[in-house]
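Only the coordinates and a few stated rules stand behind these numbers; no lab work does. Keep in mind the model is a prediction, meaning the values are calculated, not measured. So basically every Cβ, Gly included, is an ideal-geometry build from the backbone, and we count neighbours across all protein chains shown.
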Amino acid sequence: MADERKKTPEELFAEAVHDPRDLTRYLHYLKQTKTEGLSVLIAPLDAAINWSRANALWPLTFGLACCAIEMMAVGAAKFDLDRFGAGAFRPTPRQADLMIVAGTVTHKMAPRVKRLFDQMPEPKYVMAMGACTIGGGPYSIHGYHVVKGIDRFLPVDVYVPGCPPRPEALIDALLWLQQKIAQDRPLVRRYSKETA
């Protein structure tokens, strides 16, 4: 045992600021300061913004075909998407920040999907769910009416393969998206645009 003495809150904070993306050190720092009578939490603003964005995703209530049944199952009691902070399905794109495109997208439907995406406020994320959404699925060879992947007109953040994908796959994709959001640097990006 190198150093058995109890560290001061200042020493704990000095250790915590070496890696601003790791919130576990900040939570440990908060626990230590509460035991000593202090109640202050200091964290980089980027980390606090990313934590709140990742754990409060509001998906758009939007399904096109059979994958939407699996999306509904994820929101039900057995899988309970609410425990991951993303179960508040919103009925309007102006309140949503995650579009889960679940099902076959036809050329006739694609402009409407794009319009819904454009109505969503920033930051917004897209999840392509199912083989039809990712690359046209079984209709990709002979179906002239099907878009061969929504990444042709939308910026996709996470792909969920399967036909249809199981609810566990959608939950796994949501966790990947939350990790991606946690690594974002929104303030750096915003201020670099303003100075440029």
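For a footprinting-style exposure proxy, rank ASP184, ASP97 by other Cβ within 10 Å, fewest first.
In increasing order of surrounding Cβ atoms, one gets ASP184, ASP97.
Multiplying the sequence separation of LYS148 and TRP58 by 0.36 nm and subtracting their Cα-Cα distance, what value in nm do you get?
Details: separation 90, 0.36 × 90 = 32.40 nm, distance 2.67 nm.
That pair, LYS148 and TRP58, stretches by 29.7 nm at full extension.
For segment 67-182, what does the equivalent ellipsoid look like in terms of its semi-axes, each the square root of 5 times an eigenvalue of the Cα gyration tensor, given largest first in whole Å? Can you show the working numbers first?
Working: eigenvalues 100, 59, 30 Å².
Values for segment 67-182, descending: 22, 17, 12 Å.
List the residues whose amide H sits under 5 Å from the amide H of ILE100, counting only those 5 or more places along or on another chain, with H placed 1.01 Å from N in the peptide plane.
Sorted by chain and number, the residues that satisfy this are LEU60, MET127.
Using a cut-off of under 16 Å, list every residue of segment 45-62 whose amide N is near the label point 7 Å from the Cα of LEU175 along the Cα-to-beta-carbon line.
55
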